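Q: Quick one: the structure is below, and I'll ask about it shortly.
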Amino acid sequence: MAENKNWIDRFLGFLLGNNGKKFEEVILDREVVGEIIQIARESHPLEFVALLEGKIKEKILRVDGLVFLPGETSHQGAVMKTFMMPLTTGTVGSVHSHPTPSASPSTADLHFFAKNGLFHLIIAYPYTEDSIIAYDTFGELADYRIL
């Protein structure tokens, strides 16, 4: 049974381009969290979306920046043109806001997560550290620390 799960994990990693990108802990830079909160508040009631920049070293994913791409925002969602992403960025996931108190991912969010990185954040209204919820590529809840 464990052998099947290992094979499935490797296969999904291959399909998603995540092979060799394993981590056991996520650390968010405090300044990045402050920037996320500020941008979400300034964008309200519209959503905002950005990519998370970071690196995996010694099984720790450190998120230390944001990458903004052209896109569109509305009351219903935010769309970014990921095809315009420079090849040299070290993006590891995404962050976007929900102008309601719910940080649960929509079906569209889950599709985006599956195609765009390893770690994703949704910050919900009222846009505080406590309203940031993290998810993995598959939309499962993920843990993180802020340093």
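Q: Please find, among Ser94, Ser104, the residue that is over 11 Å from the mean Cα position of the chain (by Cα) and among the small types (Gly, Ala, Ser).
A: Values: Ser94 fails: over 11 Å from the mean Cα position of the chain (by Cα).
Answer to the check: Ser104.
Q: Follow-up question, since we're still on this one. Sort through Glu35, Glu53 and tell me the only one that's of a type outside the set (Gly, Ala, Ser), touching a Ser or Thr at 6+ places or on another chain (Cβ under 7 Å), surrounded by 15 or more Cβ atoms within 10 Å (Cβ to Cβ) and at pLDDT 90 or above. Step through it out loud before you land on a result.
A: Details: Glu35 fails: touching a Ser or Thr at 6+ places or on another chain (Cβ under 7 Å).
On inspection, the qualifying residue turns out to be Glu53.
Q: Scan the range 119-147 and report the pairs whose first residue is touching a residue at least 40 places away in the same chain (Cβ under 8 Å) and within 17 Å of Lys59 (Cβ to Cβ) and whose second residue is small (Gly, Ala, Ser) and surrounded by fewer than 17 Cβ atoms within 10 Å (Cβ to Cβ), with Cβ atoms within less than 8 Å and a gap of 6+ or a chain change.
A: Cβ pairs passing all conditions: Thr137/Ala114.
Q: Among (1) modelled with pLDDT of 95 or more; (2) assigned to a strand (DSSP E or B); (3) more than 23 Å from Gln38 (Cβ to Cβ), which single condition is Gly139 missing?
A: The one condition Gly139 does not meet is (2).
The values are calculated or read from the model by the stated rules, or taken from the named source; none is laboratory data. Since the structure is predicted, the reported quantities are computational estimates derived from the model, not experimental observations. Here Cβ is always computed from backbone atoms with ideal geometry, including for glycine, and neighbour counts include all displayed protein chains.
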